[in-house]
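The values are calculated or read from the model by the stated rules, or taken from the named source; none is laboratory data. On a predicted model such as this, the values are computed, not experimentally measured, just so you know. Here the Cβ positions follow ideal geometry from the backbone for every residue, glycine too, while neighbour counts run over all protein chains shown. Areas reflect the complete protein model, heavy atoms only, side chains present, ligands, DNA and RNA absent. Shrake-Rupley method; radii C 1.70, N 1.55, O 1.52, S 1.80 Å.
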Amino acid sequence: LRCASFIQSKMLQADYSLLRNYKNGRVTIGGFLDDYSFTCEAFIALYEVTFNEHWLRQAKHIADYVIQHFYNLNTGLFFYTSITDEPLIARKTEMSDNVIPSSNSSMTKVLFYLGTVFDEPQYLEKAKRATLNMQANALANPAFFANWAILLDYLIEPPFEVAIAGEEALAFKTQFDLQFMPHCIFMGSTQSPTA
């Protein structure tokens, strides 16, 4: 929570762009795609732990910024740099997962999750298009496209959606956390559900 609050208050700008360098109270250097995608994944994970919708909405705002500034309409993937960055000879598109997942597979997972939780067809369509674009790579060499393989699995058999509501929601979620359940999307609220 302290780390997320720091990112939100110091690195995240009013338009939901991210800066990536902080020193002596000064923030500089525009974020790259992985800065955005990993921040979204972290905020989503924080939501799943706290059921505080604020973090989920922050992830959604950041994702919207990424779609506007990084999305390549021709390929259905994302450029590594923003349209607001200084132009390079060529804009790179990072696709293969290595020790760290690629920025594209990470962002695609974010869109799949947010599309499911917010029932946003636009996000789900983008996630599906990107995943299918990478299908051949993931099937031919899953060791270097592991995140993409997970996304392919989501298209074949969508994750279970588990919603927990009420004052004891976090306690119930703790019980679920004792099990390894990678094929579940958890949503919840500590408020009592209303009719």
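Grab the beta carbon distance between Ala165 and Ala143, set R0 = 41 Å, and tell me the FRET efficiency rounded to 0.05. Using R0 = 41 Å, I get an efficiency of 0.55.
Over 26 Å between C-alpha atoms is what I'm after, so list which of Lys109/Lys173; Lys126/Lys173; Lys60/Lys173; Lys10/Lys173; Lys10/Lys128; Lys23/Lys109 land there. Violating the 26 Å Cα-Cα cut-off are Lys126/Lys173; Lys10/Lys173; Lys10/Lys128; Lys23/Lys109.
Projected onto the charge dipole of the chain (+1 at Lys/Arg Cβ, -1 at Asp/Glu Cβ, origin at the Cα centre), which of Ala90, Phe38, Val66 gives the Cα projection farthest towards the positive end? Result: Ala90. Per residue, the accessible area of the chain comes to 57 Å² when a 1.4 Å probe rolls over the protein heavy atoms. Spacing of the modelled spin labels on Ile67 and Asn24, each 7 Å from Cα toward Cβ, amounts to 4.1 nm.
Once divided by 2.2 N^0.38 Å, the Cα radius of gyration of the chain becomes 1.06. Just check region 91-131 against the gyration tensor rule for me: Cα atoms, a ≥ b ≥ c as the square roots of the eigenvalues, rounded for a/c under 1.5, and otherwise prolate or oblate depending on whether a/b exceeds b/c. Cα axes put region 91-131 in the prolate bin. Note on Gln175 and Ala136: with the Förster distance fixed at 45 Å, the Cβ-Cβ geometry gives a FRET efficiency of about 0.65.
Expressed in Å, the radius of gyration and Dmax of the Cα atoms of region 80-195 are 17.4, 56. Taking only the Cα atoms of region 57-141, the ratio Rg/Rh comes out at 0.96, with Rh defined as the Kirkwood radius. Rounded to the nearest angstrom and listed largest first, the equivalent-ellipsoid semi-axes of region 3-91 from its Cα gyration tensor are 23, 18, 9.
Of the heavy-atom accessible surface of region 56-182 (probe 1.4 angstrom), what whole percent is carbon and sulfur? Heavy-atom surface of region 56-182 belonging to carbon and sulfur, 1.4 Å probe: 58 percent. Each 5 Å bin from zero holds the following percent of Cα-Cα pairs in region 118-173: 4, 17, 19, 17, 12, 11, 10, 6, 3, 0.
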